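Take a look at the structure set out below.
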Amino acid sequence: MARPEKIRLGDLLIQQGLLTEEQLKFALDEQKRSGRKLGRIVVESAFVTEEAISQALARQLQATYVDLKLFNPRPDLISLLPEAQARRFRAVVLDEADGRLRVGFADPTDLQAFDELVRLLRRDIELAVVAESQLLALIDRVYHRTEEITGLAKELTEDLGDVPVEFGELLTATPGAEEAPVVKLLQTVFEEAMRSRASDIHIEPQDRSLRVRFRIDGVLHVQMEADAKIASALALRLKLMSGLDISEKRLPQDGRFAIKIRNVMVDVRISTMPTQHGESVVMRLLNQNTGLLGLDRLNMPPRILERLRQAVRRPSGMVLVTGPTGSGKTTTLYAALTELNTTEKKVITVEDPVEYRLPGINQVQVHDKIDLTFERVLRSALRQDPDIVLVGEMRDQTTAEIGMRAAITGHMVLSTLHTNDVISTPIRLLDMGVPRYMVALSLQLVLAQRLVRVICGNCAEPHVPAPHEHEWLRYELGDTVDQRRYLKGRGCAHCGGTGYQGRTGVFEMLEMTNEIVEAINSDDSGVFVQAARRQMAGETLRRDAVRLVVKGRTTIDEAMRISNEFED
């Protein structure tokens, strides 16, 4: 393609009827005053959209306009242009045809950028026009900063040399500390974790290396392998940031700190543990800018949502949410609290740790080192005249009994318990030593849940079930199994090649009806199990997972994975 021509943007927008003379005059005056680009001014003034400007430029240059929201780039072509150059020239390689590369430019009139990319790529270029905001979002998605992180890790290795790190003289807050290799490395790791939607960062020293992994949508992915000698420096810096004892390496420690990443405040919960090759550090990232979900946004089946809302709005009783660690129990409880939190109600939470800060709610952090235990805080909380009490977890018999006694004596108590399904929950409470009558009188509703990964909307494609998947589905769908349409993610830049993007919940519920209460009071647990199964009528976690498969939200493989967690 010929070298692009220089275009006066204002004249072009006037010519194509996208701007009026008065709007252009205002934008030009603002450009003289601020020095900003004309295109940015007219977009921020809401005179014209960024996409409309890009389309106008494409028409003038007789080039193609590419909507990057609908575009799936090829990683092998993207990598032809380093990330630094892509950001500098606001350009990215889209595809190739007839020996030429098609390159998307946010500013197709930038002649210097065009010439420089021809030199860098050493190929003929066909110009395409893209919106700048879409381009930057694409760059954030497709360029993993693994090389940059690895480079910073090598720089830190060289900076440390062969001297073992004991304390943090060069890591403390001294002038220029933000330029220290360890600080730059951690900052880059945090930024990449946020970009990747990671919920946790794992820093794990191995025999000959240091491994950094991110947990994304519930699955761990290796982000970096580095020299093992930098492990102690990273652990020291993170301990300093969270106020932990940097001289103590033999015992586990827990802490938290807040950090601003790309203008977003993130709470970081940190846990250190001594291992054979050094201190393992795990950090949970809690984005404080992410609003809490309401119950209607948790994707619950309508019947379960209606019954849960009715249960938590009662003046007294206990509602339990069960499931393994990382199944979204706390999110569900907080969603309920956001609906219950009014000026007429006093709400107290007892948590370890406090994950989200809610205005208008009295939140207490358990601290075992000073004997501020669940039991002690819960006893004191009940003397504070609360209407609603949230207990982070029913960890032992004493805590469970205090919570249930509160539920019997006029308080609504919300809590969690680690069980596989709703039927095993009352049995688990009895096994903990809670009196049978207390379980029967206090418990109002049990909700069990899991999280399944959602198919990426950008690369979803039809999927033909394998024989074992077909048979698994037949259990729930019967003869209609062949009449359904199933999807699977192919893997693309939007989802990091996994085929999934985000997670959603699957649920089952057991309500304490008169029949269930009588069954709990029976000495034969089999009577209770049969009564619970009759009430549920097959509305299990497995069936809810199949519901999402049929709706095209998740894959058969993912539904089978979470079902196998609680089925024999």
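The values are calculated or read from the model by the stated rules, or taken from the named source; none is laboratory data. Keep in mind it's a predicted model, so treat the numbers as computed, not measured. Note that each Cβ is placed from the backbone with ideal geometry, even for glycine, and that neighbours are counted across all protein chains shown. These accessible areas exclude ligands, DNA and RNA; they are computed on the full protein's heavy atoms, side chains included. Shrake-Rupley method; radii C 1.70, N 1.55, O 1.52, S 1.80 Å.
Before moving on, here are some points about what is shown:
- Förster radius 60 Å - calculated FRET efficiency between Arg376 and Asp76 (Cβ-Cβ, nearest 0.05): 0.50
- Label-to-label distance, nm, for residues given as Glu155 and Asp296 (7 Å Cα→Cβ offset): 5.0 nm
- Set Lys69/Lys488; Lys69/Lys551; Lys229/Lys249; Lys329/Lys488; Lys154/Lys239; Lys154/Lys184 screened for pairs whose C-alpha atoms are more than 18 Å apart: Lys69/Lys488; Lys69/Lys551; Lys329/Lys488; Lys154/Lys239
- Rounded to 10°, Cα long-axis angle of helix 329-340 versus longest principal axis of the chain: 90 degrees
- In summary, the stretch 433-568 shows an alpha-carbon radius of gyration equal to 1.30 times the 2.2 N^0.38 Å reference for compact globular proteins.
- Amide H contacts under 5 Å for Val454: Gln501, Gly502, Arg503, Thr504, restricted to partners 5 or more places along the chain or on a different chain, H placed in the peptide plane at 1.01 Å from N.
- For semi-axes √(5λ) of the Cα gyration tensor in Å, calculated from these coordinates, the label among (1) 34, 32, 24; (2) 32, 27, 25; (3) 49, 32, 25: (3)
- Ordering 495-504, 432-441, 451-460 by mean Cβ neighbour count within 10 Å, with the highest value first, yields 451-460, 495-504, 432-441.
- DSSP beta bridges fully contained in the chain are about 65 percent antiparallel.
- As a ratio to 2.2 N^0.38 Å, the alpha-carbon radius of gyration for the stretch 267-395 is 1.18.
- Cα extents of the stretch 5-64 along the three principal axes, largest first (Å): 33, 20, 17
- Sequence-distant residues sharing a close amide H with Glu96 (under 5 Å, placed H): Arg102
- Carbon + sulfur, % of accessible area of the chain - ligands and nucleic acids excluded, 1.4 Å: 48 percent
- Surface per residue (accessible, 1.4 Å probe) for the chain, Å²: 48 Å²
- Helix-only CD estimate at 222 nm, as mean residue ellipticity for the chain, using -39500 (n - 2.57) per DSSP H run (n ≥ 4): -11500 deg cm²/dmol
- Packing around the peptides 31-39, 333-341, taken as the average count of other Cβ atoms within 10 Å per residue, puts them in this order, highest first: 333-341, 31-39.
- Charged-residue dipole, Cβ positions (Lys, Arg, Asp, Glu), the stretch 393-473 about Cα centre, Debye nearest 20: 320 debye
- The slack between Leu220 and Gln16, meaning 0.36 nm per residue of separation minus the straight C-alpha distance, is 68.4 nm.
- Enclosed volume per residue, in Å³, of the convex hull spanned by Cα atoms of the stretch 367-519: 196 Å³
- Using R0 = 41 Å, the C-beta based FRET efficiency linking Lys260 and Gln397 works out to 0.45.
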